[in-house]
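Participant: Would you mind keeping the following structure in view while I ask a few things?
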Amino acid sequence: MNRMVRGWVNITVSALWFFASSVGRGQEAAETRWSAQWITAAGAAERDQVVLHFRKTIELKQAPTKFVVDVSADNQFILYVNGVEAGRGPSRADLAHWRYETYDIGPLLHAGRNALAATVWHFGTHAAIAQMSERAGFLLHGVGEAERVADTNVTWEVEEETGISLLKPKVNGYFAAEPGERWDGGRFDWYATGAIPSANERSLWNKAVRLGRGALREEQDAPNNWQLVRDSLPPMERTEMAPGKVVRTSCAAASGKFLREGMTLPARSQCSVLVDNGELTTGYPVVTASEGHGATIRLTYAEALLDDRGQKGNRNQIEGKHIEGVVDEFLPGGGSSRREFSPLSWRTWRYLQIDVETYDEPVKIEALRTWFSAYPFVEKAYFHADDASLDPIWKIGWRTARLDAHDTYMDTPYWERLQYVGDTRIQALISYTVAGDDRLARQAIEAFDASRVPDGLTQSRYPSSLVQMIPTFSLMWVGMVHDFWMYRGDAEFVRGQVAGARTALDWFLRRQRADGLLGRISWWPFVDWGADFRDGVPSQDEDGGSAVMTLQFVEALRYGAELERAFGDASLAEKYEKAAERASRAVRKFCWNDKFGLLADTPAQKHFSQHANILGVWLDVIPAERQKEVLAKILSRSDAGIAGIAASGEAPAMTPATYYFRFYLARAVEHAGMGDGYLKLLEPWREMVGLGLTTWAESPEPTRSDSHAWSAHPNYDFLRIVAGIRPGSAGFEKVVIEPHLGELKEVKAAMPLPKGMVEVEYRRVGNGWEAKVTLPAGISGDLVWNRKLISLHAGENVSTLK
C-alpha cells in the first residue's frame, strides 16, 4: 500500500486520527527529566532542506487501553501508528518555547508487533518565515513506564527521502509562506510509513543518531536548544470536503465527471483542468494516480485568476483569465499500484489547476479529494437582520477569520502566514465574540511577549525567523492584553503580561518629548497602508511629533494604567495617566487646525489624515462637542450621512483609512454616539461581495491578498455596535446592551460569554421597539436606550423601548 492510502483511508480513519490526537492532550509528563533522545540521520543537512523517515517496531503482550506519547520535530512531523496517521505538528513557536504534541495512540495499537513511524521535514532556508528552527530532528517520549519502550533513541531507524524536492513559488509580491513541493514517485519510498518493514523496501535504513535528550523548558544545562513546552492548542480541524467543479478543460477526458470518476490520459498528450472550489479554502489536496511513467501532474493554487494586465477583477469570472501561483508537482513514476500525492504543507486556493503531461505511458488519475484544515473554531454567535445584504458580510467575515487561523493567527494564509500584532488584535476579538474561544489568543499574547528584544519592544510578528520591528504594534499588544481582560477575564493570565506592558510603555516614555508629543520613532512605525503614507508610515516632522503615533501611545498608556491599578503598581498607573494627559494636551495644542476644524498629522500642519482624527475622536482628545462634526468631515461622500449633519467649511485632502483602520473608525463612530449609522460604513464590503470575493481582501483594489483577517471586523461590530453587546466589567462579569439599530426593523443576535450565551432580539413596533435580552446564569447588567438605563438580570428580560 502507498503512503497516503495508509494515512487517509476514509473519513472514519480521519475521525480516529482526531480521537488519538485529542484524548492524550493535557497529560503531564510522568518524569521531570526525559530519557527520550532527539534523533536525526547521520550526515543529514543541518541548515538545508531534508526529508527524513523514522521507524521503530515495538512488541506488546496485549492491546493497551491507552498509550500516551509526547511528540515533536524540527520543522514538522507526521506520526503514523501501524500505517495510520495519528497526528501532525508541532505548533509553531520559538526555540525557547518549542512545542510538543501529546497523543493517546492506544486505540491504534494491538497485541504483538506494532510499527511506529514518522515523516519529518526540514525546509532549511526555503522554509516559511514563520518557521523558527535549530536543525532537522525528531523526538517521541513515552509518558508512562509502559510507553518508554517507544522512546526515540538509537533503536529507531532512519532513512533520507530523496523523492521530495522544493519548488520556489513564482508569484508577484512579498511571499513568506511554504514553498511548493516536487514528488518523484519513482524515487519516493512508498513503504516508509507502512505497518511492518516489507521485503520489497529499499535497504537505505540506518540507525538514528542522537542529538541529546529532550529537555523541558527551564531545565538545568539542557543538551540542545529545543526548550520543550506542551502545546495547549487542540489539533487542527481536518474535514473532507467536495473539491468544487470543473470550470475549464483543454481535453475531452476531463469532462464534468472528472472529479467523480477521474480520467485516463493517453501517452504523449497533455490536459489542463481548472477547478473552482467556489470559495477560498485552506487544506490538503489529494491526487490518486497510477501508471504514468515519465508523466508530470502539476497543481497550481490561486486565490483568484488574473487577466492579461495582472488584475483580478471579479473573482467569479474566468473568461480571458489565467492562473499564477504556488505550484506542486507529482511524478507518478509508473507501475500499476495506486499512489497518492498530498503536499506536506497545507495549501490555500479557490482555483486549483491540474496540468497533466504524459510521456511514454498513459496515466490514470483516479480521484481528486480535498481536506479542509484550520484551527477548529466553532461558530457559536449569530447575527440575523431584516437586511439580507448583511448575511454574506457575516458569512464571508467568519470564513476569513477561520482561514487566517491555524496553529497561529496569520495575516494571510496564502502569502505570508505570519502572526502580526495589528492583525491579531482584531482576529482575537472575533474569536472571543463569535467562537467564545481564547486559546489561540493566549498563544498569540504569550508569543508576542516572548518576542521582546532587549530594549523592551515586542517584535511586530512572531514566531518569525526574521526580526521585524514595528514599535506601534508594541502599543497595540498592550491593547490586546486589555481586550483579553475585558472579554475573557482570567486575572492570573493577565497579571502575567503586566511586566511586558511596562517595558513597551517605557520605550515610548523615553521618547516622549518635553512638550508631550512623541519624538521621531525609528524602526518601521507602520500605522496603515494609507494611499500617501510612505510604506504605511504617517508623517513625522524632523523631530517627530506624529499625532497618529502619539494618540496610539495615549490609548496604550490608558490601558496600561488600568492594568497597573488592577494587577500592579498604583504609582505607575498615575505616571501613565499623567503622561497620557500631557500627550493629549499636546496633540490638541500643536496639531489642531482651526481653519479646517481637524487634527493635522504633525505640528507643521502640512498633512492631514483620517487616522489622526479617528483616534482623536475615539480617545476624546477632540472635545465631545466637536466629534460629530469632525467625523462628518473625514468620512467619504457615501459615508458622510451617518453623522446626521452635513460637513461644513473648507476641508483639506486627507489620507483615507483602508479596510484595516476602519476598525478604529467604527470605534470612533460608536464612541461619538453615531452608532445608528454604522451599517452605512459597510459599502466597501458590499463592493467586495459584488466582486465575487469569498473572503475579505487586504486593501482596496488592486490588492495582493484576497484573505486578510484584519478586514473581518464587521463580524465583531455586528455584535458589539448593532446588537450592542459589550463588557460591563472585566471578564464580562457584567454586560452592557446598547443597540444601534439604524434603519433595521428586526435583529436577532447572540454572543458567547465566559459564563454562557447572551441572546438579544429587537423588533420594531410602531414608533418604538420591543427588546428581549436573555442573560446566562450569574450575569447581570444594563440595557442602554436613549441614555436611560434598564437593569437586566440573569434569564429573560423583556422591555419596550421608546
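Participant: Which of (1) in contact (Cβ under 8 Å) with a residue 40 or more places away in the chain; (2) among the acidic types (Asp, Glu); (3) open to solvent by 10 Å² or more (accessible area, probe 1.4 Å); (4) touching a strand residue (DSSP E or B) at 6+ places or on another chain (Cβ under 8 Å) is the odd one out, the single condition residue 759 does not satisfy?
Facilitator: Going through the list (1) in contact (Cβ under 8 Å) with a residue 40 or more places away in the chain; (2) among the acidic types (Asp, Glu); (3) open to solvent by 10 Å² or more (accessible area, probe 1.4 Å); (4) touching a strand residue (DSSP E or B) at 6+ places or on another chain (Cβ under 8 Å), residue 759 breaks only (1).
Participant: For residues that are in a loop (DSSP other than H, G, I, E, B), polar (S, T, N, Q) and over 15 Å from the mean Cα position of the chain (by Cα), scanning just region 409-459, find the one that is surrounded by the most Cβ atoms within 10 Å (Cβ to Cβ).
Facilitator: In this case the residue turns out to be 458.
Participant: Then there's this: Answer yes or no: is there a residue in region 760-775 that is within 28 Å of residue 400 (Cβ to Cβ), touching a Lys or Arg at 6+ places or on another chain (Cβ under 8 Å) and not in a strand (DSSP E or B).
Facilitator: No, that holds for no residue.
Participant: Any residue at all in region 762-777 that's touching a helix residue (DSSP H, G or I) at 6+ places or on another chain (Cβ under 9 Å) and not basic (Lys, Arg)?
Facilitator: No, region 762-777 has no match at all.
Participant: Follow-up. Among the residues of region 724-756, count how many are over 27 Å from residue 484 (Cα atoms) and surrounded by fewer than 16 Cβ atoms within 10 Å (Cβ to Cβ).
Facilitator: Looking only at that region, the number is 3.
Participant: Going through 134, 145 one at a time, which residue ends up being in contact with a helix residue (DSSP H, G or I) (Cβ under 7 Å, 6 or more places away or on another chain), over 22 Å from residue 237 (Cα atoms), acidic (Asp, Glu) and open to solvent by 10 Å² or more (accessible area, probe 1.4 Å)?
Facilitator: 134
Participant: Check residue 294 against each of (1) surrounded by fewer than 23 Cβ atoms within 10 Å (Cβ to Cβ); (2) touching a strand residue (DSSP E or B) at 6+ places or on another chain (Cβ under 9 Å); (3) farther than 22 Å from residue 266 by Cβ and name the one condition it does not meet.
Facilitator: Status for residue 294: all satisfied but (3).
Participant: Additional query: Can residue 687 be described as touching a Ser or Thr at 6+ places or on another chain (Cβ under 9 Å) and either modelled with pLDDT of 95 or more or not in a loop (DSSP other than H, G, I, E, B) (or both)?
Facilitator: It is false that residue 687 is touching a Ser or Thr at 6+ places or on another chain (Cβ under 9 Å) and either modelled with pLDDT of 95 or more or not in a loop (DSSP other than H, G, I, E, B) (or both).
Participant: Could you pull out every one of the strands (runs of 3 or more DSSP E) wholly within region 39-138 that has 2 or more residues that are of a type in the set (A, V, I, L, M, F, W, C), more than 23 Å from residue 409 (Cα to Cα) and touching a strand residue (DSSP E or B) at 6+ places or on another chain (Cβ under 7 Å)?
Facilitator: Of the strands (runs of 3 or more DSSP E) lying wholly inside region 39-138, those with at least 2 residues that are of a type in the set (A, V, I, L, M, F, W, C), more than 23 Å from residue 409 (Cα to Cα) and touching a strand residue (DSSP E or B) at 6+ places or on another chain (Cβ under 7 Å) span 50-60, 68-74, 76-81, 112-122.
Participant: Take the residues in region 348-364 that are open to solvent by 30 Å² or more (accessible area, probe 1.4 Å) and in contact with a Gly (Cβ under 8 Å, 6 or more places away or on another chain); name whichever of them is nearest to residue 273 (Cα to Cα).
Facilitator: Among those residues, the one meeting the criterion is 364.
Participant: Let me spell it out: the conditions are (1) touching a residue at least 40 places away in the same chain (Cβ under 8 Å); (2) of a type in the set (A, V, I, L, M); (3) within 25 Å of residue 703 (Cα to Cα), and residue 297 meets all of them except one. Which number is the exception?
Facilitator: Every condition holds for residue 297 apart from (3).
Participant: How do the strands (runs of 3 or more DSSP E) wholly within region 183-287 filter down when requiring 2 or more residues that are under 30 Å from residue 417 (Cα atoms), touching a helix residue (DSSP H, G or I) at 6+ places or on another chain (Cβ under 7 Å) and modelled with pLDDT of 95 or more: which remain?
Facilitator: 227-230, 237-241
Participant: Return a yes/no flag: does region 545-558 have any residue that is buried (at least 17 other Cβ atoms within 10 Å of the Cβ) and assigned to a loop (DSSP other than H, G, I, E, B).
Facilitator: Yes, region 545-558 contains at least one residue that is buried (at least 17 other Cβ atoms within 10 Å of the Cβ) and assigned to a loop (DSSP other than H, G, I, E, B).
Participant: Right, something else. I'd like to verify a number: residues in region 522-553 that are more than 28 Å from the chain's Cα centre (by Cα) and of a type in the set (A, V, I, L, M), how many?
Facilitator: Count: 1.
Participant: Can I ask one more? Checking the condition buried (at least 22 other Cβ atoms within 10 Å of the Cβ) and either at pLDDT below 95 or over 13 Å from residue 553 (Cα atoms) (or both), which residue from 515, 528, 532, 490 passes?
Facilitator: Going through 515, 528, 532, 490 in turn, just one is buried (at least 22 other Cβ atoms within 10 Å of the Cβ) and either at pLDDT below 95 or over 13 Å from residue 553 (Cα atoms) (or both): 528.
Participant: Based on this model, can you work out whether residue 610 counts as open to solvent by less than 40 Å² (accessible area, probe 1.4 Å) and touching a Ser or Thr at 6+ places or on another chain (Cβ under 7 Å)?
Facilitator: So residue 610 passes the test.
Participant: Just to be sure I understand, how many residues within region 377-408 are surrounded by fewer than 22 Cβ atoms within 10 Å (Cβ to Cβ) and small (Gly, Ala, Ser)?
Facilitator: 2
Participant: While we're looking at this one, here's another question. Restricting region 689-698 to residues that are touching a residue at least 40 places away in the same chain (Cβ under 8 Å) and crowded, with 19+ Cβ neighbours inside 10 Å, which is nearest to residue 411 (Cα to Cα)?
Facilitator: Of everything passing the filter in region 689-698, 698 is nearest to residue 411 (Cα to Cα).
The values are calculated or read from the model by the stated rules, or taken from the named source; none is laboratory data. Here the structure is a predicted model, which means the values were calculated and not measured. Please note: Cβ atoms are built from the backbone with ideal geometry, for glycine as well, and neighbour counts cover all protein chains shown. These accessible areas exclude ligands, DNA and RNA; they are computed on the full protein's heavy atoms, side chains included. Shrake-Rupley method; radii C 1.70, N 1.55, O 1.52, S 1.80 Å.
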